[in-house]
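Below is one structure, written out as structure tokens, with a few remarks after it.
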Amino acid sequence: MTDIQIGNRKFKASGSVHVMGILNVTPDSFSDGGRYTAVYPALKRVEKMIEEGADVIDVGGESTRPGYKKISDEEEISRTAGIIAEIKKNFDIPVSIDTYKSKVALAALQAGADLVNDIWGLKYDSKLAGVITEFGAACCLMHNRNHTEYEDFMGEMKADLKESLEIAHKAGIADEKIILDPGIGFGKTYEQNLQAICKLGELRELGYPILLGASRKSVIGLTLNLPVEERLEGTLATTVLGVSAGCSFVRVHDVLENKRVIQMAEAVQRWNIAEAGGQ
């Protein structure tokens, strides 16, 4: 599996899990809406996430929670581009723009973003793949659908992701610039979300690094019957499962806690591998 190049950094595709810290610069995010819409609090949040061990910062300007209201390209750009420019000016860390719109991605990449995190896997905006190619940026292609009807859930998820990969390849996006995301919470029922988490390892068969984004999501809330602000333990459980399945990235709100649980899970894995090799 090819390592992933994001900005000026290369990340191992296997053997270690990297943390993508979430920075929502939206007034209506399901988790922390309104807290980081201004430059100063956003930069303080980024500084804290870097101190806690974040490897990538993911900036989102439009909430994509269930039932979200779409905003104009101009509004999304006004929320994100300036903050991305300030992050790149003040910190040496790869930055991702969480958008499915080519105009927003263009403005973000011009501001210094290194990765486009697309919840529609290049299928919403036909111009987005070309923008990514133009800047030589990395991309995260997420699985998504407008419905939850599947005959063969995992088989169809893989087929959908292969369609996204075909779009990327036709646009000239290199393999070392592609990450795949199963899309927990998008186009899936509660049971299908559990299945996707359980079978993360199967997605590695596609040959690309996998990002798991389950942090504080409804599958955790429904399982534990807990509100958004009390879903840390559930998130950590999904992160451990991600480590076990061979994911390369986790996208999370709580960087420090997830970083620690990754370190512990990886230590156990290394011991297990060493022990197996010695027998």
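Looking at the range 56-74, which of the residues that are open to solvent by 30 Å² or more (accessible area, probe 1.4 Å) and touching a residue at least 12 places away in the same chain (Cβ under 8 Å) is nearest to the chain's Cα centre (by Cα)?
Thr64
Taking the condition of being outside any helix (DSSP H, G or I) and of a type outside the set (Gly, Ala, Ser), how many residues in the range 80-109 meet it? Give the steps one after another, and end with the answer.
In the first step, residues of the range 80-109 are kept if they are outside any helix (DSSP H, G or I); the result is 91-101.
Still in the list and also of a type outside the set (Gly, Ala, Ser): 91-95, 97-101.
Qualifying residue count for the region: 10.
Looking only at the range 110-123, decide whether some residue is part of a helix (DSSP H, G or I) and more than 25 Å from Lys199 (Cβ to Cβ).
For the range 110-123, residues part of a helix (DSSP H, G or I) and more than 25 Å from Lys199 (Cβ to Cβ): present.
Only one of these is open to solvent by less than 10 Å² (accessible area, probe 1.4 Å) and either over 19 Å from Met154 (Cβ atoms) or among the small types (Gly, Ala, Ser) (or both): Gly207, Gly246, Gly183, Gly201. Name it.
Values: Gly207 fails: open to solvent by less than 10 Å² (accessible area, probe 1.4 Å); Gly246 fails: open to solvent by less than 10 Å² (accessible area, probe 1.4 Å); Gly201 fails: open to solvent by less than 10 Å² (accessible area, probe 1.4 Å).
Testing whether each residue is open to solvent by less than 10 Å² (accessible area, probe 1.4 Å) and either over 19 Å from Met154 (Cβ atoms) or among the small types (Gly, Ala, Ser) (or both) leaves just Gly183.
Scanning the range 75-85 for residues that are charged (D, E, K, R) and open to solvent by 10 Å² or more (accessible area, probe 1.4 Å), which turns out farthest from the chain's Cα centre (by Cα)? Full working, then the answer.
First, the residues of the range 75-85 that are charged (D, E, K, R): 75-76, 79.
Add one more test, that the residue is open to solvent by 10 Å² or more (accessible area, probe 1.4 Å), and what stays is 75, 79.
On the way: Glu75: 22, Arg79: 19 Å.
Out of the qualifying residues, it is Glu75.
I want to confirm something. Restricting to the range 249-263 and keeping residues that are touching an Asp or Glu at 6+ places or on another chain (Cβ under 7 Å) and open to solvent by 10 Å² or more (accessible area, probe 1.4 Å), which single residue is farthest from Asp181 (Cα to Cα)?
This residue is Leu256.
Of all residues in the range 172-212 being part of a helix (DSSP H, G or I) and polar (S, T, N, Q), which is farthest from Gly15 (Cα to Cα)? Lay out the reasoning, then the answer.
Taking the range 172-212 and keeping what is part of a helix (DSSP H, G or I), we get 175-177, 190-198, 200-206.
Of the ones still in play, those that are also polar (S, T, N, Q) are 192-193, 195.
Working: Gln192: 27, Asn193: 25, Gln195: 23 Å.
Once the filter is applied, the top-ranked residue is Gln192.
Search the range 135-163 for residues being in contact (Cβ under 8 Å) with a residue 24 or more places away in the chain and of a type in the set (Asp, Glu), and hand back the single one that is nearest to Asn193 (Cα to Cα).
Taking the range 135-163 and keeping what is in contact (Cβ under 8 Å) with a residue 24 or more places away in the chain, we get 135-148, 150, 153-154, 157-158, 160-163.
Then drop every residue that is not of a type in the set (Asp, Glu), which leaves 160, 163.
Values: Asp160: 16, Glu163: 20 Å.
Selected residue: Asp160.
Has the range 86-98 got any residue that is among the small types (Gly, Ala, Ser), open to solvent by 10 Å² or more (accessible area, probe 1.4 Å) and on the phi < 0 side of the Ramachandran plot?
Scanning the range 86-98, I find no residue that is among the small types (Gly, Ala, Ser), open to solvent by 10 Å² or more (accessible area, probe 1.4 Å) and on the phi < 0 side of the Ramachandran plot, so the answer is no.
Determine the pairs where a residue that is in contact (Cβ under 8 Å) with a residue 40 or more places away in the chain, located within the range 76-90, has a partner that is open to solvent by less than 40 Å² (accessible area, probe 1.4 Å) and among the aromatic types (Phe, Trp, Tyr) with Cβ atoms under 9 Å apart, the partner being 6 or more residues away or on another chain.
Filtered contacts from the range 76-90: Ile83/Tyr36.
Among the candidates Leu224, Leu212, single out the residue that is open to solvent by 50 Å² or more (accessible area, probe 1.4 Å), touching an Asp or Glu at 6+ places or on another chain (Cβ under 9 Å) and more than 25 Å from Lys127 (Cβ to Cβ). Spell out how you get there, then give the answer.
On the way: Leu212 fails: open to solvent by 50 Å² or more (accessible area, probe 1.4 Å).
Every option except Leu224 fails the conditions.
Condition test on Arg251, is it on the phi > 0 side of the Ramachandran plot and either in a helix (DSSP H, G or I) or of a type in the set (D, E, K, R) (or both)?
So Arg251 fails the test.
The values are calculated or read from the model by the stated rules, or taken from the named source; none is laboratory data. Quick caveat: nothing in here was measured; it's all calculated off a predicted structure. Note that we place each Cβ from the backbone using ideal geometry, even for glycine, and neighbour counts take in every protein chain shown. SASA here: full protein model, heavy atoms, side chains in, ligands and nucleic acids out. Shrake-Rupley method; radii C 1.70, N 1.55, O 1.52, S 1.80 Å.
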